[in-house]
Amino acid sequence: MTPRRGAARRAGTAVFVLLLCCAVSTACGATEENDESEPTTTEPASPSSSTPDPEPTGDDMGETPIQVVIGDRTLSATVHDNPAGRALLDQLPLTLDFADYGGQEVLATLPESLPMDGMPAGESAPAGTIGYYAPDGVVVLYYTDVPRYTGIVRLGRLDGDPSHLRGWSEPRPVTLERAG
């Protein structure tokens, strides 16, 4: 390529880039000028307008004390004042055979299913949670943290260390009853 052709090519490229910049600048300027009726703001949106309302949880209300009796050990616990928790309390006292499931929880089938009206579609279950797995109609005592899963509802909480629930090789009778 000769020096003269290279200079012409660079000049042509420069003109093209300059025209492109002018077109973009004009387009941006026109948008700003035509949109004078709505002021531009640099303030962030308020949290209430950008954050959806949180989904209700099973532990949003008051609590009722209960006892969980496993063999010769009695654990203090609480049941949340929510529709499913109140329905569980209506069934107490209960003695059910709890069995380990998945190395994370022990569970037993309730005689009557619990209502899900007003309950979240799913929740997490930290270790020590008394839960209900709605699809199977089982009450669950979690001894490890379980992430959010559709069908899990928090009914209450064990007050002590739930690790003694770990490692059950066979079902064991557990009694749930109102305290005091």
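Below is a table of values for the structure above.
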{"item": "Gained length - residue 169 relative to residue 76, 0.36 nm times residue gap less alpha-carbon distance", "result": "31.1 nm"}
{"item": "Computed label-point distance, nm, for sites residue 94 and residue 112 using a 7 Å Cα→Cβ extension", "result": "1.1"}
{"item": "Net +/- balance of residues flanking residue 108 in space, Cβ distance below 12 Å, scoring K and R +1, D and E -1", "result": "-3"}
{"item": "Dimensions in Å of region 63-178 - Rg and Dmax from alpha carbons", "result": "12.6, 36"}
{"item": "Under 13 Å, Cβ to Cβ, from residue 75 - net charge with Lys/Arg +1 and Asp/Glu -1", "result": "-2"}
{"item": "Projected label distance in nm at residue 86 and residue 121, using a 7 Å step from Cα toward the beta-carbon", "result": "2.5"}
{"item": "For region 130-174 versus region 68-95, the gap between their alpha-carbon centres in whole angstrom", "result": "12"}
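Coordinate-derived values only; no laboratory data. Remember, predicted model here, so these are calculated numbers, not experimental data. Cβ: placed from backbone, ideal geometry, glycine included. Neighbour counts: every protein chain shown.
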